[in-house]
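To keep things clear, I will list the structure first and then write my remarks on it.
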Amino acid sequence: FLEKYMEFDLNNQGEIDLMSVKRMMEKMGAPKTHLELKKMISEVTGGVSETISYQDFVNVMLGKRSAVLKLVMMFEGKANESTPKPSGPPPERDIASLP
């Protein structure tokens, strides 16, 4: 858990702040609004803090509550294992194939 926590502690202050959570969600292809991110952090910390401490992170990961952050972390590995995106220019399309 410490390795994963440190990966998202972008400012190396021992806390995951709003912008770190925002970057994490964007990296996983699930961007969130600031309001959604604040709600997520509030759920993890119990509304006590605006940053996620390592202890809060471990409690969420090991706890019985199904926090949004826990779900995101669980499925992040599976998303990384999915088929790679095609590289190169996109195939040519004509007007009839557009939605």
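The values are calculated or read from the model by the stated rules, or taken from the named source; none is laboratory data. Everything quoted here is computed from the prediction, not taken from an experiment. A quick note on method: Cβ atoms are made from the backbone with ideal geometry, for glycine too, and the neighbour counts reach across all protein chains shown. Surface areas here come from the heavy atoms of the whole protein model, side chains and all, with no ligands, DNA or RNA. Shrake-Rupley method; radii C 1.70, N 1.55, O 1.52, S 1.80 Å.
Details
- Single match in ALA30, ALA67 (criterion: loosely packed, with under 15 Cβ neighbours inside 10 Å and modelled with pLDDT under 80): ALA30
- In segment 31-53, the residues that are in contact (Cβ under 8 Å) with a residue 40 or more places away in the chain form no Cβ pair under 8 Å with any partner that is assigned to a helix (DSSP H, G or I) and open to solvent by 50 Å² or more (accessible area, probe 1.4 Å), whether six or more places apart or across chains.
- Considering only residues in segment 8-27 that are of a type outside the set (Lys, Arg) and open to solvent by 70 Å² or more (accessible area, probe 1.4 Å), the one that is modelled with the lowest pLDDT turns out to be LEU10.
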